[in-house]
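Engineer: Shown below is the structure under consideration.
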Amino acid sequence: MSEKLLFQGGCHCELIKFEFRSPNEVEVWTCNCSICSVTDFHHLFVRHSDFTLVSGKEFLTSYQFGTQTAEHLFCRRCGVKSFYQPRSHPDSYSIDIRCVKTPPTIGRVVEFDGKNHQGAVE
Ligand SMILES: [Zn+2]
């Protein structure tokens, strides 16, 4: 287990800001399910205990569909979904690695076939 570093990210207008702890080299998932494909979300899974929402909680709006398990969170000012609660990883948030200021290195990209799986990242 490599040492974890502190990273910062958020939405475009910077109302939503978060920090998280992560190894400096990470695995990122892409997914072809109905919602991930329209946003081209690049998932970095971070455990709830390694994640802190620094500001903007009151500006988060959620969107749910299908099984209503995932909670898609986006900024109600700029519309950017910088992180959310995925169905596939109930103990983690999924952060879009493109919303991280100085992101960790991507060691591996997993192409998840969410369209054809019950356990879609979604
Ligand atoms: Zn925003």
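The values are calculated or read from the model by the stated rules, or taken from the named source; none is laboratory data. In this text, all values refer to a predicted model and were calculated from it rather than measured experimentally. For neighbour counting, all protein chains shown are included, and Cβ atoms are generated from backbone atoms with ideal geometry for every residue, glycine included.
Engineer: Looking at the range 63-89 only, could you name the residues that are surrounded by fewer than 12 Cβ atoms within 10 Å (Cβ to Cβ) and either modelled with pLDDT of 95 or more or of a type in the set (Ser, Thr, Tyr) (or both)?
Structural biologist: Passing the criteria: Thr67, Gly79.
Engineer: Kindly indicate whether Ser55 is farther than 22 Å from His117 by Cβ, of a type in the set (Gly, Ala, Ser) and either touching a Pro at 6+ places or on another chain (Cβ under 9 Å) or at pLDDT 95 or above (or both).
Structural biologist: Working: farther than 22 Å from His117 by Cβ: yes; of a type in the set (Gly, Ala, Ser): yes; either touching a Pro at 6+ places or on another chain (Cβ under 9 Å) or at pLDDT 95 or above (or both): yes.
Spelling it out, Ser55 is indeed farther than 22 Å from His117 by Cβ, of a type in the set (Gly, Ala, Ser) and either touching a Pro at 6+ places or on another chain (Cβ under 9 Å) or at pLDDT 95 or above (or both).
Engineer: Could you list, in sequence order, the residues of the range 46-55 that are outside any helix (DSSP H, G or I) and either in contact with an Asp or Glu (Cβ under 8 Å, 6 or more places away or on another chain) or of a type in the set (D, E, K, R) (or both)?
Structural biologist: Arg47, Phe51, Thr52, Val54, listed by residue number.
Engineer: Among the residues of the range 50-84, which ones are within 12 Å of the ligand (Cβ to nearest atom), among the charged types (D, E, K, R) and touching a residue at least 40 places away in the same chain (Cβ under 8 Å)?
Structural biologist: Arg77, Lys81, listed by residue number.
Engineer: Considering each residue of the range 5-40, count those that are part of a loop (DSSP other than H, G, I, E, B), out of contact with any Phe, Trp or Tyr (no Cβ under 8 Å at 6 or more places or on another chain) and within 16 Å of the ligand (Cβ to nearest atom), and give that number.
Structural biologist: Of the residues in that region, 3 qualify.
Engineer: Turning to a different aspect of this structure: May I ask you to list the residues in the range 55-93 that are within 17 Å of Phe18 (Cβ to Cβ) and among the polar types (S, T, N, Q)?
Structural biologist: Across the range 55-93, the qualifying residues are Ser55, Thr61, Ser62, Ser82, Gln85, Ser92.
Engineer: Which condition breaks for Arg87 when tested against (1) assigned to a strand (DSSP E or B); (2) touching a Ser or Thr at 6+ places or on another chain (Cβ under 8 Å)?
Structural biologist: (1)
Engineer: A further question follows. Which one of the conditions (1) over 15 Å from the mean Cα position of the chain (by Cα); (2) surrounded by 14 or more Cβ atoms within 10 Å (Cβ to Cβ) does Cys36 fail to meet, given that it meets all the rest?
Structural biologist: Only one criterion is unmet by Cys36, namely (1).
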